[in-house]
Structure formats: C-alpha cells, structure tokens
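J.: Dumping the structure here so I can ask a few things about it.
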Amino acid sequence: MKKSFLIQFSILILLIIFANLGLRSVENVDDDELGNAGGVRVDLTGDQTVFESSPQNLEPSEGGTLVLAESAEPEHLNTYTSTSAAATRVLDYIYETLLDYDYETWRFDRPLLAESFHISEDGYTFTFKIREDAYWHDGQPLTAEDVLFSIKAVLNPFVDCAPMRSSFSKVVSARINEQNEFIITSSETYFRNQEILGGFHIIPKHVWDPKGLLDRYTVEDLLNTSVTREEAAIKEFADAFNTHPQGRPVGEDAEPIIGSGPWRFDKWITGDYMSYVRNDDYWNDDSTYIKSYSDEGAYLEKVIVKVISDATARLTALKAGEIDFIPRMRAVQYFTQTNTPDFLEKYQKVSYVVPAYSYIGWNNDKPYFSDKRVRQAMTMLIDRDSYNKYVSYGLGIPTIGPFYIYGEQYNHNIERWPYDPVRAVELIEEAGWIDHDGDGIRDKDGVPFSFTFSVSAGSTSSKYMALMLKEDLRKVGIVVNIRQLEWSVYVENLRDRQFDVVSLLWIGGLESDPYQIWHSDNIGDRGSNYMGFRHAEADSLIETARFEMDKEKRNAMYFRLQEIFHEEQPYTFMFYQRDPGAYLKEFHGVKWIPIRPGYKLYSWWRNTSMVGESS
Amino acid sequence: MSEMAPARTYSQIVGSQFRKNKLAVLSLHIIYVLLFVFIFADFLANDKPIVMRYEGNTYFPVFREYGVKWFGMNWQDAFKSQQFKILEEKYEEGDWAIYPVIPYSSTEYNLKVKLQPPSRAHIFGTDELGRDVLSQMIHGARVSLLVGFVAVAIYVFIGVILGALAGFYGGVIDIIIQRMIEIMITFPRMFLIITIVAVMETQSIINIMIILGLTGWTGVARFTRGEFLKVKNEDYVVAAKALGYRDFRTIFRHVLPNTLTPVLVTATFGVAAAILIESGLSFLGFGAPPEQATWGSLLSSARDTLPTGWWLTTFPGLAIFITVTVYNLVGEGLRDALDPRLKQ
C-alpha cells in the first residue's frame, strides 16, 4: 500500500513538471479565418435598399411550396391583442394596412388599401381615400366601414390591446364620408403619426362584429369614459373580440382568418405547423405596387411555417430536406456547421441586418449604477469587440445608441467607448467604490459591489456574456451573481424593475421615437423606461423632437440625445444584429430588406425545373 | 465495530469476499481516484500557481485562495487582480512559478482558443468560450460527487428513521408512513424535482442536494421497514424489551445496527442514481448555476456545437458513465460480499 502510494505521488509530481514545460499559450485561431463562411452578408447601407441574394436572370414562375422553420409559435393570432413577433410575421401576409413602406425609399408613404391620402395643413388631420377594388378573402368588398370599424376596435377600452392603443392615445376623432374617405384627427402633430395611423391592420367588420354592436357609437364615444362605462354593448363587443375564434383558428376544421392580403390563412395545427396559401383572387393581382420588389402578388402556392423549438433540430431538418428555409439560426451553426461543399452547393446562406440591437441594461436606481462614471466604467470593462468576434462570429454591428444604424437618425460622429479596463478601474475608484473593509470586494457606504446579472434561461449568448463579465469583474473586486430566469418571470421582473442588470434585444424600426424607453415619464408604473434613466435635457429633447415635423431639426435633436446617451451610458449599447439564415437554392426572388423580419415572401418563387443552373 | 474475535472479524470476512470480485476492486480504486480529484481539484486544475517565487519572496497562491475564501485573508497587493499569467511578463531573474497539472481554472475563458479540439495545451479541448474542458470536468467532479453523497446521506437519514418507526411500531404509524411513501412514489421523480427547482428563487447545488434528498427516501424507508419486520421478533429484541429499555434505545442501539448494512449497500446505488439525476438536471439547465462547471452542463453546451465539438460530449459523457458504473459495481460487489449464502 505504501509503495503504490509512493508511485502515485511521483507520477503526480512528474505530471506537474511535464505540465509546466511550456505547455501553455498555444493560440492558433486565425483572425480572419471565419469570414462569411460561404454565405452572403447583407448590409443595406447607403443607397442600397433591397438586396437580392438569388440569381436574377430567370423568369419567375408560379406555384410551389416553401417550408420554413420558426423557433416558437404565437399564443394566438388576434392581430390587435397579440404582442408576439411570431404572430406579426404571419399576420402581415394576411392582413393589409392603409399605407405601407415604399420599397425603394423605405418611407412609410406607399398607399395600399388607401388609394391616396393627404395631411391637413396644420398636420392634425389625415384623410385616406379607400380603394374601391379591394376584396376580403371571402369575396366581400373592403370598404371605409371596415377601416372605421378597425379603429373603433383598437380604441375600445375593453379590448385587450393596451400596448397598441397607447400609440393611438392622441386620436381625438375618426369618421368616414360618402366619398369613401377615412378621416382621422390627432391632437398632436407627432412625427410618427403617418406610420401609426396608416399602419394598423384592417380587419373585416362583417366577420368580427356581425351584430353591428359598435355601429351605434362614434370614435368620440369610445374615447369618452363616461359613455364606455355606461354602455354595456361596448364591453360586450370587447369580450367577444378578445376571445373571437378568428383570433385562434386552431385545428383542421377551424374557420380561416379572413384578411385581404396576398395570402390566405390555411391551417394552424398547434405545436406542429401553420400554413397559408396563395390568394388567387387577390384584388391587387395586376397592380405594380410592389415595383422593384416583385411585379405581381405572391408566386408561391403555399407557405408552411413549422415550429421547431430546438436549434439543432432545425438545422437537422433543413439538412434532411424537411424544411427549405431557416430564417434565424445560431451563429455557431452558420459559421461552423454548414460549411461543407455539399451544404453550400444546395443551400444559400445569408446574414442580413435587422433593426434590432442588443444591450446590457444597468438599473440606474441601484446604488452601484447610479453614478454615470460607474456605468461608463462597466462599458469599458466589457470587451465588446472580442465578444462580437468570437461569440457572435462577427455578426454584430457595434452601435453607440438606440437608433437604427443605417438610418438617418443615427449619429455617426460619436466614438464608442473603448475597451479599457485600466481607465475603468480608475473611474470606479473615483466614484468611491474602494475596498474599505479589506474583504477583497469593493464597497461604498457599507454596500458591497455585488450585483445580480439576470439571464433569460434560453439565451446562450447572454449567458456567455454574464459568465465573461463575472470572470472579468472578479479580478477588479466586483462580484457578479448570475441568475437564470424563465422568460415570463424575466419580463415580469423587468416591468417591476426588480433587477440589477439585464441583457436584452430591442426590436425597433427604421425610424424610432425614444419617448417610450428614455423619457422619465415612463419610469415606474410598469412604463418602459426600465433602467430608470432620467436626464432633464434628454427629457426636453425627446418632448420637442416628437412634435417637430422638420426632419433635419428633429434629427439634430436626436444627434444631441445620442451624445447624452453616450455620456450617461444608461445601457451599454452592444450591437445591431445580423440574423444568419439559410435557404434552399431552388428558391429565387429572395430579397432582403431593412424592415423586420428582413424579408417578404411575396417575391419568392420556386424554380422546380432547376438543373444546377444557379450554381 | 472492532470487537476482537478468535478467527476473523465480520469485516475481514466481508473484505476477503469483496476482494474476490476483481471488477469491484478495480471500481473501488477508481472511486479512490475520484475522491482524490474531489479533494485536490484546486491543486489539479487552477490558473494560480501552487508555488511561486516573485520579487525575492515565495508565495503559495492556491493556499492563499482558500484563505481568502474561508478565513477572511486578502490577496497580497501584487496579486490583487489574480492574473498570475499576465504577471509572468514582469518576471525578473530568479522568479518562477509551478502551476498545477492543468494550468486553467474552470471559469477562466480565452475566446481566442474557443472550440479547440484536444491538443497538448488543452488535453480535452476547449468549449465555446475557450474554457478548458478538463479543468471544468475536474471541478465538475466535485459537484457530481458532492451531490451524490450529500443527497444520499439526507435520504438515507430520513428513510432509515421513517422505515425504522414504521417497522418497529407497526399499526397506525406504519399505515401513515406507508401512505406517505405511496404518495411520494406516485409522482414521477424527475418531474417532481423539475417542478420544485422551477419555483426555487435561486439556483444552487445545495438546493439540488436537498431536493434529491427529500424525494429519494422512499426506497430506503421501505427497505428498512422490511428489515425491521424481519428482526423485531428476534430474541435479542425481545430481551431488550424485557429489560425495559426505552424504545429509542432498542431501535437505534439494538435493531438498527443489525439492519443497516444492506441499507448502506443500496445507498451506493443511490449515489450513482443521484449523480445521474444531477447531470440530467444540469443538462436541462435546472441544475447548478451557470458559472458552476458540472458534467451535465458541459454535455448540454456540447449539444449546440454538435457535430463539430465531439470532445465536448465524449469526455464528460465518459466521466458520467464511468462514475455511475463504478458506483454500481462497488454496490454490487458489496451486496454479494454481504450475502451470507455465498459465505464459505
């Protein structure tokens, strides 16, 4: 027994010596080895507004099916009460709006269900002339009545759509006239009014309100709390609306959703798939309204959206030919698991920019982060470039503020905070966080610098971020606790502002209004300024800019606002996102656009006769 | 237990019986190795040197780490940032450091070497953040073994007491305890555990150990109860009763020692089961907190990188397999050795 112990011990010593003989620091990752991994990178900078990743020399043909995979399905499909992005992605094909984005300028001014529109001189009243040749999927004509009904449904205080209704809070009246015009008046000249008042889905009155419960009430009535409290029919309508079968058409025999768009709803089998089919009677079939984008309505006969929650299973399904398109895959899959010549021969990989940015939010009301110097230091302690390069495989585009990186609001004159741990520690010490009691952890006024980083349970990237931060901050005497939470709990804590640090993605638009997130009015009471950012100058800039209709002047204010954000660092702004995806090369007309989700399936068509001509 | 006997003591008999089973003996040796890793993990895999000479003084950073963690000591000023590898650049003539066999800690990341296959620098490769897999496995062994032992200790404790009470007294107490057991076993254990973990405020291995302990006692309780039923009418028990000993003394001094051995044998199987459940929970993300390296969480991180990162699945998978097998083999060996029918 003694002998064998001696032998074991000497082996250990030998191992230790061996290990110390220059085994370490063999780093052999080539810096630019990753590149685009055989895919196309879509940036849409400058004048480029649409990018087509498929060959353009072929005549499109109709027919064919596209199967794509999403990670989650919506809880329901009621377009007003739903808040999920998955629902929007489906419903945007089925319902239409009065106006839509112009596919060349990406301004929200292309008439769709409206034939034309004009804004009154004072900027308060919008008049939309409704087309007379638009039809619902069931053959009924789409009229101004439907438009008026839709706005009434949104404004009905009992309809479960508070987040959406808040955008319409300044509406004072809406009516229609005999010329088939829809006239809506707002009490303020808000710069996003056109996008809001022309951008809500129009739903069919004869389906949603067959009894005409809302006919008796004007929009003014619905905005008047004394009327809505008195009249039982308003509540009755809302109750029926919130639970209407159109909002959850589940199963083989469910009544399909009636919309007016280029695709009809087909089926929704929960947990499995959702499908929509081409609307052959599309009212807009011969119109050239999607010029430069697609010449006619939709080409594909059918689109099936499969629900596969596991990323690995999604990729496996793609490789097995069960699905044709993964809009969003994991970066590691895009860069390391789809590089075989076989895969690249059969599939086209694309990473496309979407108006969504990731950030690390510091709760400004917590003692650790109330001082802007500490927040600046935190930003400088995070090696964002390495994170982007190695964890996101370079898919992120560094950003300094919340505005769309290729939009007109973004201030390109601001230089990002560098990665500078030495300067960061100086700032932290300047702010008074010094290890007074000698326990190895910095403290101030008796509070140790030990905070909790909340991570959503499913998010690998924010888990990695938290792990790296924990390891880095440990070395400068700051303790990070990582807490994984279910998404629903995570959001709940966020709304109640019960957190120290969060890591999130914000999905914005091409042009956005910072009021909701950054104005001090929205702190507490479950407002969206979760970080508790309050700054007098920022508040006044945000307020003035909202009602400034001159774009130049408005953007000048937003430029200044971004300087304030940069100085205050309420968030550590991380990156604008590129989503990595892959589709079967049989598909053509694949165009990438800057509005989410980054593509519109209208223009896609399937080349069934493909005999390798595209490779 | 060290009564002198003329020929061989009970434990000697069991020992010689056990040694005949070569596989079990080998397994026991592997358990010794695991125990060694368990105790000396910090000296086997760490980013701090065991001994170092710096500016004319000798330091023992790994020991210091214990001091900082448990005894309120502080890092020397030169080592405040604990970045000993960066410090090496400042070495002068006569400065040196001896690192552990694996000179990486389980949390130390280096993005530049992410997802490296096994190499001389990283014997079992690296994960998605460039952390050393072997180092994580060594520190993960701590979690696995700790969970195994503590959880089993908890449930053996509960199970033995309840089983003893049920078996000894019978009647109403027996009925109540039996029904409690039945209620417990109607819940699928994994689901029960996941449900409890999901409502827990914080993630920690202590919680996992307690939950595993509180949900696992039914088997032991039934077993002990059965043994008690067998023994309680033996002469020595009747004698103890006749002598007027209090029940407590009869149960724990006289009956229990004679029933405990087979219970402890089942406990070895329990350790294996607990390790497996912990790995499963970590794999699902319900187990240890994310910064804690465990075999299960290593496996789960490997799922995302398959098929590229084979080393991320192979080594932790093997570790779980070997550990669970080894405990089962030792348990089996013990059971056979204790079986009187096999005694010569």
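J.: Which residue pairs have Cβ atoms closer than 7 Å, lie 6 or more positions apart in sequence or on different chains, and pair a first residue in the range A:431-452 that is within 13 Å of chain B (Cβ to nearest Cβ) with a second residue that is loosely packed, with under 15 Cβ neighbours inside 10 Å?
T.: What qualifies is A:G438/B:N74; A:D439/B:G72; A:G440/B:N74; A:R442/A:I434.
J.: Could you check the range A:382-423 and list, in sequence order, the residues that are without any contact (Cβ under 8 Å) to a residue 60 or more places away in the chain and under 17 Å from A:V42 (Cα atoms)?
T.: The answer is none; no residue qualifies.
J.: Any idea how many residues of the range A:518-528 are modelled with pLDDT under 90 and outside any loop (DSSP other than H, G, I, E, B)?
T.: The total comes to 2.
J.: Here's something else I'd like to know. Quick check on A:I196: is it modelled with pLDDT of 90 or more and under 28 Å from the mean Cα position of the chain (by Cα)?
T.: Working: modelled with pLDDT of 90 or more: yes; under 28 Å from the mean Cα position of the chain (by Cα): yes.
When the stated conditions are applied, A:I196 passes them.
J.: So, one more: Within the range B:179-191, can you find the residues that are free of Cβ contacts under 8 Å to residues at least 24 places away in the same chain and assigned to a helix (DSSP H, G or I)?
T.: Hits for the range B:179-191 are B:R179, B:M180, B:E182, B:I183, B:T186, B:F191.
J.: Restricting attention to the range B:107-116, and to residues there that are at pLDDT below 90 and more than 7 Å from chain A (Cβ to nearest Cβ), which single residue is nearest to A:N388 (Cα to Cα)?
T.: Per the stated criteria, the residue is B:L115.
J.: Right, here's the next one. Return the residue satisfying two criteria in turn: it lies in the range A:498-512 and is over 15 Å from the mean Cα position of the chain (by Cα) and in a loop (DSSP other than H, G, I, E, B), and of such residues it is surrounded by the fewest Cβ atoms within 10 Å (Cβ to Cβ).
T.: A:Q498
J.: Scan the range A:314-329 and give yes if some residue there is in contact with a strand residue (DSSP E or B) (Cβ under 6 Å, 6 or more places away or on another chain), aliphatic (A, V, I, L, M) and within 14 Å of chain B (Cβ to nearest Cβ), otherwise no.
T.: yes
J.: Do we have any residue at all in the range B:213-223 that's polar (S, T, N, Q), surrounded by 16 or more Cβ atoms within 10 Å (Cβ to Cβ), away from chain A (no Cβ under 14 Å) and out of contact with any Pro (no Cβ under 9 Å at 6 or more places or on another chain)? Break it down into steps so the answer makes sense when it comes.
T.: Within the range B:213-223, the first condition is being polar (S, T, N, Q), and the residues that meet it are B:215, B:218.
Imposing the further condition that a residue be surrounded by 16 or more Cβ atoms within 10 Å (Cβ to Cβ) reduces the set to B:215, B:218.
From the residues that got through so far, the ones that are away from chain A (no Cβ under 14 Å) too are B:215, B:218.
So of that shortlist, the ones also out of contact with any Pro (no Cβ under 9 Å at 6 or more places or on another chain) come out as B:215, B:218.
Within the range B:213-223, one or more residues are polar (S, T, N, Q), surrounded by 16 or more Cβ atoms within 10 Å (Cβ to Cβ), away from chain A (no Cβ under 14 Å) and out of contact with any Pro (no Cβ under 9 Å at 6 or more places or on another chain).
J.: Residues to consider are A:T243, A:T228, A:T189; find the one that is among the β-branched types (V, I, T), touching a residue at least 60 places away in the same chain (Cβ under 8 Å) and surrounded by fewer than 18 Cβ atoms within 10 Å (Cβ to Cβ). Spell out how you get there, then give the answer.
T.: Working: A:T243 fails: touching a residue at least 60 places away in the same chain (Cβ under 8 Å); A:T228 fails: surrounded by fewer than 18 Cβ atoms within 10 Å (Cβ to Cβ).
Every option except A:T189 fails the conditions.
J.: Just for the range B:298-321: of the residues that are in contact with a Leu (Cβ under 8 Å, 6 or more places away or on another chain) and of a type in the set (S, T, Y), which one is farthest from the other protein chains (Cβ to nearest Cβ)?
T.: Filtering first and then ranking leaves B:T313.
J.: Conditions: (1) part of a helix (DSSP H, G or I); (2) away from every other protein chain (no Cβ under 11 Å); (3) farther than 24 Å from B:P289 by Cβ. B:E88 meets all but one. Number of the miss?
T.: (2)
J.: Examine the range A:373-386 for a residue that is under 17 Å from the mean Cα position of the chain (by Cα) and at negative phi, and state whether such a residue exists. Walk me through it before giving the result.
T.: Quick first cut of the range A:373-386, residues under 17 Å from the mean Cα position of the chain (by Cα) only: none.
Within the range A:373-386 (the criterion being under 17 Å from the mean Cα position of the chain (by Cα) and at negative phi), the answer is no, since none of the residues qualifies.
J.: Can you tell me which condition B:R120 does not meet? The list is (1) within 14 Å of chain A (Cβ to nearest Cβ); (2) out of contact with any helix residue (DSSP H, G or I) (no Cβ under 8 Å at 6 or more places or on another chain); (3) surrounded by fewer than 24 Cβ atoms within 10 Å (Cβ to Cβ); (4) in contact (Cβ under 8 Å) with a residue 12 or more places away in the chain, and all the others hold.
T.: The failed condition is (4).
J.: Checking the structure you have, find out if any residue of the range A:421-432 is closer than 27 Å to A:Q577 by Cβ and of a type outside the set (F, W, Y).
T.: So in the range A:421-432, the residues closer than 27 Å to A:Q577 by Cβ come out as A:421, A:424.
Cutting the leftovers down to of a type outside the set (F, W, Y) gives us A:421, A:424.
Yes, some residue in the range A:421-432 is closer than 27 Å to A:Q577 by Cβ and of a type outside the set (F, W, Y).
J.: Pick from the range A:363-395 the residues that are small (G, A, S) and not in a helix (DSSP H, G or I): which of them is farthest from the other protein chains (Cβ to nearest Cβ)? Before you say what the answer is, go through the steps one by one.
T.: Quick first cut of the range A:363-395, residues small (G, A, S) only: A:370, A:377, A:386, A:392, A:394.
Checking the rest, the ones that are also not in a helix (DSSP H, G or I) come to A:370, A:392, A:394.
Numbers: A:S370: 25, A:S392: 11, A:G394: 12 Å.
In this case the residue turns out to be A:S370.
J.: Just to check your reading of the model, which residue among B:A288, B:A302, B:A293 is in a helix (DSSP H, G or I) and of a type outside the set (F, W, Y)?
T.: Details: B:A288 fails: in a helix (DSSP H, G or I); B:A293 fails: in a helix (DSSP H, G or I).
It is B:A302.
J.: Hey, among B:V133, B:V160, B:V143, which residue is more than 14 Å from every other protein chain (Cβ to nearest Cβ), within 22 Å of the chain's Cα centre (by Cα), over 28 Å from A:L473 (Cα atoms) and crowded, with 21+ Cβ neighbours inside 10 Å? Outline the logic, then answer.
T.: Numbers: B:V133 fails: over 28 Å from A:L473 (Cα atoms); B:V143 fails: over 28 Å from A:L473 (Cα atoms).
That would be B:V160, the only listed residue that is more than 14 Å from every other protein chain (Cβ to nearest Cβ), within 22 Å of the chain's Cα centre (by Cα), over 28 Å from A:L473 (Cα atoms) and crowded, with 21+ Cβ neighbours inside 10 Å.
J.: Going through the range A:113-163 one residue at a time, which ones are aliphatic (A, V, I, L, M), touching a Pro at 6+ places or on another chain (Cβ under 8 Å) and farther than 22 Å from A:H244 by Cα?
T.: Within the range A:113-163, A:A134 is the sole residue that qualifies.
J.: Ok, one more. In the range B:305-318, how many are surrounded by fewer than 24 Cβ atoms within 10 Å (Cβ to Cβ) and assigned to a helix (DSSP H, G or I)?
T.: Residues that pass the stated criteria total 8.
J.: For A:S450, all conditions in the list (1) under 28 Å from the mean Cα position of the chain (by Cα); (2) surrounded by fewer than 17 Cβ atoms within 10 Å (Cβ to Cβ) hold save one; what is the number of the exception?
T.: Exception for A:S450: condition (1).
J.: Could you identify the single residue in A:V476, A:V455 that is more than 22 Å from the chain's Cα centre (by Cα), among the β-branched types (V, I, T) and not in a helix (DSSP H, G or I)? Give the steps one after another, and end with the answer.
T.: Details: A:V455 fails: more than 22 Å from the chain's Cα centre (by Cα).
Step by step, each of A:V476, A:V455 is checked, and only A:V476 is more than 22 Å from the chain's Cα centre (by Cα), among the β-branched types (V, I, T) and not in a helix (DSSP H, G or I).
J.: Among the candidates B:I194, B:I206, B:I211, single out the residue that is farther than 16 Å from B:I158 by Cβ, in a helix (DSSP H, G or I) and under 19 Å from the mean Cα position of the chain (by Cα).
T.: Details: B:I194 fails: under 19 Å from the mean Cα position of the chain (by Cα); B:I211 fails: farther than 16 Å from B:I158 by Cβ.
Result of the check over B:I194, B:I206, B:I211: B:I206.
J.: I want to confirm something. Restricting to the range A:479-496 and keeping residues that are surrounded by fewer than 18 Cβ atoms within 10 Å (Cβ to Cβ) and more than 13 Å from chain B (Cβ to nearest Cβ), which single residue is nearest to B:A293 (Cα to Cα)?
T.: Of the residues in the range A:479-496, the ones surrounded by fewer than 18 Cβ atoms within 10 Å (Cβ to Cβ) are A:479, A:481, A:486-489, A:491-493, A:495-496.
Checking the rest, the ones that are also more than 13 Å from chain B (Cβ to nearest Cβ) come to A:491-492, A:495-496.
Values: A:V491: 27, A:E492: 29, A:R495: 31, A:D496: 32 Å.
Applying the filter and picking the extreme gives A:V491.
J.: Could you please give the count of residues in the range B:61-82 that are surrounded by 13 or more Cβ atoms within 10 Å (Cβ to Cβ), under 15 Å from B:F43 (Cβ atoms) and within 14 Å of chain A (Cβ to nearest Cβ)?
T.: 5
The values are calculated or read from the model by the stated rules, or taken from the named source; none is laboratory data. Just so it is clear, the model here is predicted, and its values are computed rather than measured. Virtual Cβ from ideal backbone geometry, glycine too; neighbours counted across all protein chains shown.
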